[in-house]
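Q: Questions regarding the structure given below will be posed in turn.
The values are calculated or read from the model by the stated rules, or taken from the named source; none is laboratory data. In this text, all values refer to a predicted model and were calculated from it rather than measured experimentally. Cβ placement follows ideal geometry from the backbone for every residue including glycine, while neighbour counts extend to all protein chains displayed. The protein model used for the area step is the full one, side chains on, heavy atoms only, and it has no ligands, DNA or RNA in it. Shrake-Rupley method; radii C 1.70, N 1.55, O 1.52, S 1.80 Å.
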Amino acid sequence: VIHIVAFSSEQRAELLACWNNLFELFTGLVRFVFMSAERQLGDKPGKGKSAKDFPWLVGQSPAMQQLRAGIYKTAVSGFPVLVKGESGTGKELVARSIHEQSHRADGPFVAVNCGAIPESLMESVLFGYGPGAFSGASSRGKPGLFEEADGGTFFLDEVSEMPLGMQVKLLRVLQEKRVMRVGGKQTRNVDFRLIAATNRNIRDMVQRGEFREDLFFRLDVLLLTLPPLRERPED
């Protein structure tokens with residue numbers, strides 16, 4: 001547990017002003033602890049894990065064997081994962097493999113492609129909506145994908161395509177673990193493990209103001225990079 005205390009309003013203002021830098025420090029500490037535990041455990045966590053344990057991932061190259069080991073180690077950790085790779089390399093298959101190897105395997109696996117949902121519909125798709133929230137809405141309302149992922153894994157594909165306005169709302173969900181449907185009045189608790197994927201360099205997008213820095217640090221806790229087929233021709 002890391003606890004930051006401010007003893008005055010001035011100190012509180014200073015902490016809030018540099019919060020993103022502090023969160024980046026915390027993320028680094030998480031990686032350090034994770035890697036330290038990994039060294040202490042050696043190969044024990046992944047011992048006995050082979051291609052048959054990852055039915056969606058094809059290939060026996062050293063790169064794929066290393067990827068499988070990384071998937072298993074990130075799966076048992078429970079931390080958020082950012083999957084990077086070119087289009088078509090199988091980022092969703094990696095996310096599904098992480099889910100199947102995690103303690104949430106019996107829960108739902110909900111996947112959504114941020115680039116495939118119109119911005120005007122994204123909030124109602126993710127958060128759901130209350131009865132009569134808008135014209136044409138169901139009289140009974142509808143739960144969103146966040147609620148459907150409760151107890152399982154939520155996979156955000158192409159998260160770099162998410163509009164800035166929705167990035168703020170996603171960050172709030174990750175912080176509070178609660179959602180409110182569009183047009184609703186009550187919040188609902190949600191508990192899911194987030195896996196995000198992108199084919200772009202989000203750090204560069206942060207520098208250009210195209211992606212929120214605080215959300216980036218929330219997503220980029222553990223990183224898996226998918227090698228394209230041209231880098232593993234033996235597969």
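Q: With axes computed from alpha carbons, what is the tilt in degrees of helix 164-176 against the longest principal axis of the chain, rounded to the nearest 10 within 0 to 90?
A: Tilt of helix 164-176: around 80 degrees.
Q: Over the chain, with every protein chain in place, what whole percent of the accessible area is carbon and sulfur at 1.4 Å, could you tell me?
A: Numbers: 6800 of 13090 Å².
The nonpolar share, carbon plus sulfur, comes to 52 percent.
Q: Given a 1.4 Å probe, how much area per residue of the chain is accessible, in Å²? Please list the in-between numbers first.
A: Details: 13090 Å² over 235 residues.
On a per-residue basis, 56 Å².
Q: Any idea what Rg and Dmax come out to for the chain if you just take the C-alpha atoms, in Å?
A: 19.2, 61
Q: Of the candidates Pro118, Pro143, Pro80, which one comes out as most mobile in a Gaussian network treatment of the chain with C-alpha springs shorter than 10 Å?
A: Comparing Pro118, Pro143, Pro80 in the GNM, the peak value goes to Pro118.
Q: How big is the gap, in Å, between the Cα center of the stretch 76-117 and the Cα center of the stretch 146-207?
A: About 13 Å separates the Cα centre of the stretch 76-117 from the one of the stretch 146-207.
Q: While we're on this one: What distance in nm lies between label points placed 7 Å from Cα along the C-beta direction at Asn113 and Lys185?
A: 3.9 nm
Q: At a Förster radius of 45 Å, what calculated FRET efficiency corresponds to the Cβ-Cβ distance of Leu29 and Glu234, to the nearest 0.05? Present the calculation step by step, with values, prior to reporting the outcome.
A: Values: r = 38 Å, r/R0 = 0.84.
The computed FRET efficiency comes out at 0.75.
Q: A further question follows. Just to confirm the number: angle between the C-alpha axis of helix 19-41 and the first principal axis of the chain, 0 to 90 degrees, nearest 10?
A: The two axes meet at around 30 degrees.
Q: Once fully extended, how much extra length lies between Glu210 and Val125, figured as 0.36 nm per residue of separation less the alpha-carbon to alpha-carbon distance? Each step should come with its number before you reach the end.
A: On the way: separation 85, 0.36 × 85 = 30.60 nm, distance 2.23 nm.
Between Glu210 and Val125, full extension yields an extra 28.4 nm.
Q: Quick check: the angle from helix 62-77's long axis to the longest principal axis of the chain, C-alpha only, nearest 10 degrees?
A: Here the helix axis deviates by roughly 50 degrees.
Q: Count the lysine pairs in the chain whose Cα atoms lie under 17 Å apart, taking only pairs 8 or more positions apart in sequence or on different chains.
A: Number of lysine pairs found: 10.
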